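Student: Okay, handing you the structure first.
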Amino acid sequence: MDLKERISKVIGYSALSLSEFADEIDVQRSSISHITSGRNKPSLDFLIKIKNRFPDLEWEWLIEGEGEMLKKHAAVIVDQWDS
C-alpha cells in the first residue's frame, strides 16, 4: 500500500468527508484531493498534522507502511466497535 492509499485509509477511518478532513487537520481542501489522486506527494508537515489529529495512528505505518495502522489499544477499541 503506497502513501496516498494509506492517507485515503486514514480519511475513511476518520469517517469525515474530504473537506471535513481537510478542515480537521487544517490544510487546504484542494491539498487532500491532490494527494489522494496522486498529483502531489504529502509534505512532512501534512503527515504530522494527520498524526497530531489522530494520535492512535502508528507513525511507522503512516510513513513507511509497516506494521499496523492503529496502536494496539486503539485496535482493540475499533474491533469492539465492529462487533
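The values are calculated or read from the model by the stated rules, or taken from the named source; none is laboratory data. What you see is a predicted model; the values in this text were computed from it and never measured. Neighbour counts are summed over all protein chains in view; Cβ atoms, including those assigned to glycine, are modelled from backbone coordinates with ideal geometry. These accessible areas exclude ligands, DNA and RNA; they are computed on the full protein's heavy atoms, side chains included. Shrake-Rupley method; radii C 1.70, N 1.55, O 1.52, S 1.80 Å.
Student: Contact list please: Cβ distance under 9 Å, first residue in the range 5-16 and without any contact (Cβ under 8 Å) to a residue 40 or more places away in the chain, second residue assigned to a helix (DSSP H, G or I) and of a type in the set (Ser, Thr, Tyr), pairs at least six apart or on different chains.
Tutor: Once the first residue is without any contact (Cβ under 8 Å) to a residue 40 or more places away in the chain and sits in the range 5-16, its partners that are assigned to a helix (DSSP H, G or I) and of a type in the set (Ser, Thr, Tyr) give Glu5/Thr36; Ser8/Thr36; Ile11/Thr36.
Student: Now for a different question. Have a look at Arg29, Arg6 and point out the one that is of a type in the set (Lys, Arg), open to solvent by 40 Å² or more (accessible area, probe 1.4 Å) and on the phi < 0 side of the Ramachandran plot.
Tutor: Among Arg29, Arg6, only Arg29 is of a type in the set (Lys, Arg), open to solvent by 40 Å² or more (accessible area, probe 1.4 Å) and on the phi < 0 side of the Ramachandran plot.
Student: Out of the residues in the range 32-57 that are surrounded by 15 or more Cβ atoms within 10 Å (Cβ to Cβ) and among the aliphatic types (A, V, I, L, M), which is nearest to Glu68 (Cα to Cα)?
Tutor: By that ranking, first place goes to Leu57.
Student: If you take the residues of the range 9-26 that are aliphatic (A, V, I, L, M) and in contact with a helix residue (DSSP H, G or I) (Cβ under 8 Å, 6 or more places away or on another chain), which of them is most open to solvent (accessible area, probe 1.4 Å)?
Tutor: Step by step, filter the range 9-26, then rank; the result is Leu18.
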